[in-house]
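The values are calculated or read from the model by the stated rules, or taken from the named source; none is laboratory data. Worth saying up front: this structure is predicted, and the values here are computed from it rather than measured. Here the Cβ is made from the backbone with ideal geometry for all residues, glycine too, and neighbour counts use every protein chain on show.
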Amino acid sequence: MNELIKHAKELLEKGEVAAVIGYRQVSEKRTKPVIITEPEETRALVFNEYCLNNLAVYLTKARIKLLGRKNNKSFKLAITAKPCDVHSIVALIQENQIDRDKIHIISFNCHGVVKDFGFDFNGDNLSSKCITCETHKPLYYDKLLGEVKETPQARDSALERIKEIERMPHNERFEFFRSEFDKCIKCYACRAVCPLCYCQRCITDKTIPCWIETSSHQRGNFAWNVIRAFHLSGRCTGCGECDRVCPADIPLSLINRKMTIEANNLFSFVSGRSLETPTLVGSFNEKDNDELFM
Amino acid sequence: MDEKIISRVDLMKICKDVIDKGNTLLTPGAADYYVVKDISDIILDTSALPSKISHKSYVFPRTEPVLYYKRSKNDVQLIDINIDSKKIVILGAKPCDANSINIMKHLFNWDHSDEFFNKRANNFMVIGLMCSHFDEYCFCTSVRSSPVSEKGSDLFLIPVDINNYALKIITEKGKEFISPYSGYLKPGDEKNSKLITENVRQPEAAFDSSEVYEWLGENFESPKWEGVGNLCLSCAQCAFVCSVCHCFDITDEDYSYTEGRRMKNWDGCQFGNFTLHASGHNPRDIQSKRYRQRVNHKFRYYVDRFGEILCTGCGRCSRGCPVSIDIKEIVSNCNDNQKEFLK
Amino acid sequence: MDKQNWEPKIVAFVCNWCTYTGADLAGTSRLKYPANCKLIRVMCSGSIDPVFILKAFERGADGVLVSGCHPNDCHYNAGNFHARRRWDFFHKLLDFIGIEKGRLQFSWISASEGKKFADVITKVTEDIKAMGQFTSYKKMNSEFTVDFPADLAELEEPVLQESFDKETVK
């Protein structure tokens, strides 16, 4: 931990970055994001199994972007990111939301995080994204910290659930998702917490004409959740934040995961894994599969 | 105040009767208050945390039609809504939740009397249950309440031993409700239950609400708001899980060119377009102003207008906040210049 | 409505440059095809937002057809290529959440393929007829609905017609 603090302090003292976006401990089993602009404040920074937030979400916030300009320092922002959060940063760079040169990525050798605050760190309470994680070492970073540790083993129950849904007949599937989405209260926490939901104005906020009904009845909820999932298909990096924050416990990442699997099957593409390959929905290939069309 | 003893078995008999009569029985679960179908599902746990989502939606639904309309060449015809007057009994309400309807009542009967809210609220029967557990986010004692507060309950339960509850009859409504079941009640002793409630572990008061009130009046432009504004992600999770947040939005939905309905939906003050004017001007254009509004509304404006704090101290908003913003931490640190909101 | 007399409602989103012109050709060639499809002309298959399709299902469509120019024939060069990737995802997503694959169909029809247009419409109509009515949305749509009283039901003139008439008179 001292290394992280030392590094962050150095960055701020030298004026290389305008702010460090990191985590601080609030209680034994809970951390929260913190945006640090003064070198002495860096002592609050931590990194451990309870650093659940995907801080990449802050990089697209106009207010945070302004931080550098306001203090009359450089524009660069430093961010502490888990290897999976680096995927989100890569996806944002790919979609031209941020500039690689303006981001200083402090990443870690990660051995998994808990599924939610307050749980002990072990195989049973491992976050579902960590079960299938292949990048314990970040793909891109400016500073790598932390030691390599073994990730606890756990069963991939999310994939089992997807398979289970796929075995259902269509009307049962529809009924399943209808009842799941019915719980939605439209707080849009899933949208707020997603690094890739960066639209200045979301399609649900456009009400003339009203494509997605703003009311939180079954039809409005269904439309919102389907369109949310569609807008993230081929783009979702699988950080699972939407799942964690949903107050109604809707299995949102189930659909995201399914679409990620489809993207991989159709185009051998996983979002946020490479700075070189163009984004999936922002590009095309003349030789793409044409089976769907008569 | 009248106090009786009732055994758990008899209490369940009353519950069964309530359901059999076609009324709705609500009880808190881990995620939400849910409608009881089978009385064996009832847990009545004093050591449970408040559910993730409050029972608010049963008195103020997240979406409801207020009228239906049909247009013709020269006319618009309206059809009013009739709310079914089913009785809703809420069993084992946390003391922090029990008072929420009373707090919201002020707003819904202020300049205009909201018949939708009032009809539902009048049909509500709250059976409160003492609370014996708190976590780092609970702060009921700081907002003029407590884990043994009877405020807002019609009947109040205190477990005296494994099989028996002390039943306090608080209101006339409660008396009316329990009178058909008087056969189940045994005379109780107030001293016994008092001994229990006095020994309940209570969260320490984190702040003095009158001090917060003063501070908010003087620090509208405090730089502290900016810190929390940078952190907050502008979702309305806090407002929608809250048991007393009551803002709503009116929107029209059409069935066809000529028919439609007017809906009343929950809205949250943290959304960027909550205050967006048709002109394009937005008086609360940045997140810090919106968060300031939230705190001010809860601890100052509502007190000014109705003399009551718009907060029950349940801690739901902080527990579920995607970025762990803790409203208790914010208001309790407001007077401390050393501590910024965000740190 | 009994099952035998039931006719499917199909919404077709077609591109202005190829499929719509193809439909014109089918018309001028006097080709016969079922009248179940309601054509909605858009500028490009790439400009069809998936919310259009969801809305069509919400409002009672039994099937949706999306049709545009053949690959490499797009009036805007690449609109249909972008659309193709998008539809790959969207139709997989709809399948996963419980709307059968056949309810949403796709085709490329050029301006000179009047015959193909008639064939595709016939095939889509037959497919959807075989699948039957799309009832999944019924439960959702019945939420918060009201039966308007009989005295109200008489007033049925669409308001939009009126403003249209006025304009044409001018």
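Just to be sure, is C:D73 among the acidic types (D, E), at the interface with another protein chain (Cβ under 7 Å from one of its Cβ atoms) and either surrounded by 17 or more Cβ atoms within 10 Å (Cβ to Cβ) or not in a helix (DSSP H, G or I) (or both)? Answer is no for this residue.
Scan region B:34-67 for residues that are under 25 Å from B:C317 (Cα atoms) and out of contact with any Ser or Thr (no Cβ under 6 Å at 6 or more places or on another chain) and the total you get is 17. Put simply, of B:R294, B:R319, B:R284, B:R305 the only residue that is assigned by TED's automatic domain parsing to the domain that holds B:S222, among the basic types (K, R) and in a loop (DSSP other than H, G, I, E, B) is B:R284. Of all residues in region A:41-57, those satisfying the criterion of being in contact with a helix residue (DSSP H, G or I) (Cβ under 8 Å, 6 or more places away or on another chain) and either surrounded by fewer than 20 Cβ atoms within 10 Å (Cβ to Cβ) or under 14 Å from B:P322 (Cβ atoms) (or both) are A:R43, A:V46, A:L52, A:N53, A:N54, A:L55, A:A56, A:V57. In region A:28-44, is there at least one residue being among the hydrophobic types (A, V, I, L, M, F, W, C) and outside any strand (DSSP E or B)? Within region A:28-44, one or more residues are among the hydrophobic types (A, V, I, L, M, F, W, C) and outside any strand (DSSP E or B). Residue by residue through region B:26-43, note down the ones that are over 23 Å from B:R62 (Cβ atoms) and in contact (Cβ under 8 Å) with a residue 12 or more places away in the chain. B:I39, B:D41, B:I42, B:I43 - these are the residues of region B:26-43 that are over 23 Å from B:R62 (Cβ atoms) and in contact (Cβ under 8 Å) with a residue 12 or more places away in the chain. Note on region A:201-236: residues that are among the acidic types (D, E) and at the interface with chain C (Cβ under 10 Å from one of its Cβ atoms) total 1.
Screening B:F177 on (1) under 30 Å from B:I14 (Cα atoms); (2) of a type outside the set (D, E, K, R); (3) at pLDDT below 90 shows it passes everything except condition (3). For region B:245-281, the tally of residues that are more than 18 Å from B:C311 (Cβ to Cβ) and either outside any loop (DSSP other than H, G, I, E, B) or in contact with a Gly (Cβ under 8 Å, 6 or more places away or on another chain) (or both) stands at 15.
Number of residues in region B:232-244 that are part of a loop (DSSP other than H, G, I, E, B) and touching a residue at least 40 places away in the same chain (Cβ under 8 Å): the value is 7.
Restricting the search to helices (runs of 4 or more DSSP H) fully inside region A:111-185 and requiring at least 2 residues that are in contact (Cβ under 8 Å) with a residue 60 or more places away in the chain and more than 19 Å from the chain's Cα centre (by Cα) gives A:157-167, A:170-182. Of the strands (runs of 3 or more DSSP E) contained entirely in region B:25-89, those carrying at least 1 residues that are at the interface with another protein chain (Cβ under 10 Å from one of its Cβ atoms) and under 22 Å from A:D182 (Cα atoms) fall at B:63-71. Close Cβ contacts (under 6 Å, 6 or more residues apart or on different chains) running from residues in region B:97-116 that are within 15 Å of B:V303 (Cβ to Cβ) and outside the structural domain of B:F306 (by TED's automatic domain parsing) to residues that are modelled with pLDDT of 95 or more and among the basic types (K, R) are absent.
If we scan region A:251-273, do we find a residue that is in contact (Cβ under 8 Å) with a residue 24 or more places away in the chain, within 14 Å of chain B (Cβ to nearest Cβ) and part of a loop (DSSP other than H, G, I, E, B)? Yes, there is a match, as at least one residue in region A:251-273 is in contact (Cβ under 8 Å) with a residue 24 or more places away in the chain, within 14 Å of chain B (Cβ to nearest Cβ) and part of a loop (DSSP other than H, G, I, E, B). Inspect region A:41-58 for any residue being facing chain B (nearest Cβ under 10 Å), over 30 Å from A:V281 (Cβ atoms) and over 14 Å from the mean Cα position of the chain (by Cα) and give the result as yes or no. The answer is yes, given that some residue of region A:41-58 is facing chain B (nearest Cβ under 10 Å), over 30 Å from A:V281 (Cβ atoms) and over 14 Å from the mean Cα position of the chain (by Cα). Of all residues being facing chain A (nearest Cβ under 7 Å) and among the acidic types (D, E) in region C:87-120, which is farthest from A:S233 (Cα to Cα)? Just the residue, please. Checked region C:87-120; the qualifying residue farthest from A:S233 (Cα to Cα) is C:E100. Residue-level check: of (1) part of a loop (DSSP other than H, G, I, E, B); (2) touching a residue at least 60 places away in the same chain (Cβ under 8 Å), B:G229 misses just (1).
Let's see how each residue does on (1) touching a residue at least 40 places away in the same chain (Cβ under 8 Å); (2) more than 30 Å from B:D135 (Cα to Cα):
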residue: A:L4; (1), (2): yes, yes
residue: A:E16; (1), (2): yes, yes
residue: A:Y23; (1), (2): yes, no
residue: A:E49; (1), (2): yes, no
residue: A:V86; (1), (2): yes, yes
residue: A:I93; (1), (2): yes, yes
residue: A:I98; (1), (2): no, yes
residue: A:I106; (1), (2): yes, yes
residue: A:N109; (1), (2): yes, yes
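Only one entry in B:V303, B:V323, B:V295 is under 23 Å from B:K224 (Cα atoms) and within 10 Å of chain A (Cβ to nearest Cβ), namely B:V323.
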